[in-house]
Amino acid sequence: PFFSLPRQLIFCALAVLAEERKPIECLDAFGATGIMGLQWAKHLQSSVKVTINDCNENSVTMIKENCHLNKMKVKLNTKEEDHVEAMGDGEESTDIIEVTKMDANVIMHLRAFDFIHLDPYGTSVNYLDSAFRNVRNLGIVSLTSTDISSLYAKAQHVALRHYGGTIVRTEYYRELAARIVIAAVTRAAARCNKGIEVLLAVALEHFVLVVVRVLRGPTPADDSAKKIRYLIHCQWCEERIFQKEGNMLEENPYQQLPCDCHGSMPGKTAVVLGPLWSGALFNTGFLRRMLVEAVQYGLDETQPLLKTLVSEAECTTLKHFTTPSAGDENKQEECGVYIKTPKASTESYLVPGKRKTEEVLRSAVKRQKAEHSAEHPAFYYNIHRHSIKGMNMPKLNKFLTYLSDAGYRVSRTHFDPMGVRTNAPLAQFKMGQAEGPVHLPGEVQVEEVPAAADDKGEDTEFLEDDQSGVAAAVFSHGHTAHCAAE
């Protein structure tokens, strides 16, 4: 394939940033074969200055060979001391890729970058402090974590060790994973007096990918740190809610939960998870611009996922969703930054290659406050796990329409093909199955098969739906399961 899925998403994010200011200095901190940095340089050309780093001698040799194979000039720096001279010469042309051989933490401490991508083997937490140390204001840090055994709550002690958070296996375990990673990112940024804005968070079978924009200053840092909160999770019905802000002890924290499981059952029925990121997981404007880039560069594999992410970010069903074309681009504005488009020049707003002006930065802060007031609902419910005994299962799209007609925000979610992201309470969610279009002929009867928590959705196959381009799901026998407690 031209790109793997995570590489496609990262490329689109970088392409969007390259439209905002040029040239941008970007770092692939764990180069391996150098494929990612080479794709950046080859397709974005003079818009980017690419540095590919790896601490392994064999990898650096392979990166050099691959650069020559792609007719790219190589500027090699293998010693830490060389960097001051190397950056001072000022005569490098745009088709040069800089290849460095050093520890990723060292190069990020030595140099400032506009775009940093971290993809170590396993967790990224060892590199977060260095990444935020020198990343430029309104730059982007992206990271791919492949330590899914800890993030997906199979090795909970490792999650506590690496991320400083307590998690258990839940129906929404993938979103939980994304939120615990973002919480670690937020804390690392805050230690450097920087805040973050999450542009996208994707958690699929083998990886968790998080892309954040960096907002320099103690005020954004404080605002971001306030969004790290604990989550109360009911072990019986899987209802969940972020704990209220404030440090006063509450006599009965169970009252915060919308369900009444604690009142009807003996003993403790809920657990406190986290701390987790409680803010938005997506920026709609940025995702739409990523979709424009995906179309422009012919990245077919990532377009259906980006469409799902946009509808999830807006929390609307796909029938209301319009695919952006290059012509719509001139109306896109995000974080107070006006984007270069065919119809409108940005020269009056941005000085090429320079940091944003004070006015644009101030409007960015105002815009952020306005954006965050309309965040999408946190978390989602799996329609199979919350179906009512003896009731026919409504088809997912009809169920979405029912909740939407009832006045709730609702969308599908990329985290779970049978998940529904909505601000409807769980009681309404179940009522929707009883009152909604349930008795229509030809509906599928859901089997009553109790399943262990670890089996949730493990054998889901993704299929592509021709009409909407959204992932649909086929569950193997025994995984269309209800909560055993029900």
- Query: Residue check, ALA225 against (1) open to solvent by 50 Å² or more (accessible area, probe 1.4 Å); (2) touching a Gly at 6+ places or on another chain (Cβ under 9 Å), all met but one. Which one?
  - Reply: (1)
- Residue count, segment 285-312, condition acidic (Asp, Glu) and touching a Ser or Thr at 6+ places or on another chain (Cβ under 8 Å), comes to 1
- Message: With the requirement that a residue be without any contact (Cβ under 8 Å) to a residue 24 or more places away in the chain and open to solvent by less than 80 Å² (accessible area, probe 1.4 Å), what does segment 228-248 give you?
- Response: ILE241, GLY246
- For segment 386-398, enumerate the residues that are surrounded by fewer than 21 Cβ atoms within 10 Å (Cβ to Cβ) and either modelled with pLDDT of 90 or more or more than 18 Å from LEU309 (Cα to Cα) (or both). HIS386, ILE388, LYS389, GLY390, MET391, ASN392, MET393, LYS395, LYS398
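Assigned to a helix (DSSP H, G or I) and modelled with pLDDT of 75 or more, is that true of TYR402? Before the answer, list the steps.
On the way: assigned to a helix (DSSP H, G or I): yes; modelled with pLDDT of 75 or more: yes.
Criteria met by TYR402.
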- If you take the residues of segment 215-234 that are in a strand (DSSP E or B) and in contact with a helix residue (DSSP H, G or I) (Cβ under 7 Å, 6 or more places away or on another chain), which of them is farthest from HIS117 (Cα to Cα)? CYS234
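For ALA225, state whether it is assigned by the TED database to the domain that holds ASP114, without any contact (Cβ under 8 Å) to a residue 60 or more places away in the chain and farther than 25 Å from LEU306 by Cβ.
On the way: assigned by the TED database to the domain that holds ASP114: yes; without any contact (Cβ under 8 Å) to a residue 60 or more places away in the chain: yes; farther than 25 Å from LEU306 by Cβ: yes.
Yes, satisfied.
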- Can you name every residue in segment 249-304 that is under 26 Å from ALA159 (Cβ atoms), open to solvent by 70 Å² or more (accessible area, probe 1.4 Å) and among the hydroxyl-bearing types (Ser, Thr, Tyr)? none
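Of these, ALA190, ALA201, ALA183, ALA178, which one is among the small types (Gly, Ala, Ser), more than 14 Å from the chain's Cα centre (by Cα) and either over 20 Å from LEU9 (Cβ atoms) or at pLDDT 95 or above (or both)?
Working: ALA201 fails: more than 14 Å from the chain's Cα centre (by Cα); ALA183 fails: more than 14 Å from the chain's Cα centre (by Cα); ALA178 fails: more than 14 Å from the chain's Cα centre (by Cα).
Being among the small types (Gly, Ala, Ser), more than 14 Å from the chain's Cα centre (by Cα) and either over 20 Å from LEU9 (Cβ atoms) or at pLDDT 95 or above (or both) holds for just one of ALA190, ALA201, ALA183, ALA178, which is ALA190.
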- Task: Could you please give the count of residues in segment 22-43 that are in contact (Cβ under 8 Å) with a residue 40 or more places away in the chain and open to solvent by less than 10 Å² (accessible area, probe 1.4 Å)?
- Result: 8
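Residues are listed down the side, and each one gets a yes or a no for (1) over 30 Å from SER311 (Cβ atoms); (2) in a helix (DSSP H, G or I); (3) in contact (Cβ under 8 Å) with a residue 12 or more places away in the chain; (4) open to solvent by 10 Å² or more (accessible area, probe 1.4 Å):
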{"position": "VAL99", "(1), (2), (3), (4)": "yes, no, yes, no"}
{"position": "ASN126", "(1), (2), (3), (4)": "yes, yes, yes, yes"}
{"position": "ASP129", "(1), (2), (3), (4)": "yes, yes, yes, yes"}
{"position": "ARG133", "(1), (2), (3), (4)": "yes, yes, yes, yes"}
{"position": "ARG136", "(1), (2), (3), (4)": "yes, no, yes, yes"}
{"position": "GLU175", "(1), (2), (3), (4)": "no, yes, yes, no"}
{"position": "ILE182", "(1), (2), (3), (4)": "no, yes, yes, no"}
{"position": "ALA201", "(1), (2), (3), (4)": "no, no, yes, no"}
- Query: Does THR422 satisfy being open to solvent by less than 10 Å² (accessible area, probe 1.4 Å) and at pLDDT 80 or above?
  - Reply: yes
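Could you list all residues from segment 44-59 that are surrounded by fewer than 18 Cβ atoms within 10 Å (Cβ to Cβ) and closer than 21 Å to VAL16 by Cβ?
Here is the first cut: in segment 44-59, the residues surrounded by fewer than 18 Cβ atoms within 10 Å (Cβ to Cβ) are 45-46, 55-58.
Hits for segment 44-59 are GLN45, SER46.
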- Query: Before we move on, is LEU281 under 17 Å from the mean Cα position of the chain (by Cα) and closer than 20 Å to ARG421 by Cα?
  - Reply: yes
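Identify the residue in segment 184-199 that is assigned to a helix (DSSP H, G or I) and in contact (Cβ under 8 Å) with a residue 40 or more places away in the chain and, among all such residues, is nearest to TYR173 (Cα to Cα).
Going residue by residue through segment 184-199, those that are assigned to a helix (DSSP H, G or I) are 184-191.
Subsequent filtering for residues that are in contact (Cβ under 8 Å) with a residue 40 or more places away in the chain retains 184-189, 191.
Numbers: ALA184: 17, VAL185: 19, THR186: 20, ARG187: 21, ALA188: 23, ALA189: 24, ARG191: 28 Å.
Here the residue is ALA184.
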- Message: Here is a check on your reading of the model: is GLY478 over 20 Å from ALA203 (Cα atoms) and either open to solvent by 30 Å² or more (accessible area, probe 1.4 Å) or modelled with pLDDT of 50 or more (or both)?
- Response: no
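The values are calculated or read from the model by the stated rules, or taken from the named source; none is laboratory data. Just so you know, these numbers come straight off a predicted model, no measurement behind them. Note that each Cβ is placed from the backbone with ideal geometry, even for glycine, and that neighbours are counted across all protein chains shown. Note: areas computed on protein heavy atoms with side chains; ligands, DNA, RNA excluded. Shrake-Rupley method; radii C 1.70, N 1.55, O 1.52, S 1.80 Å.
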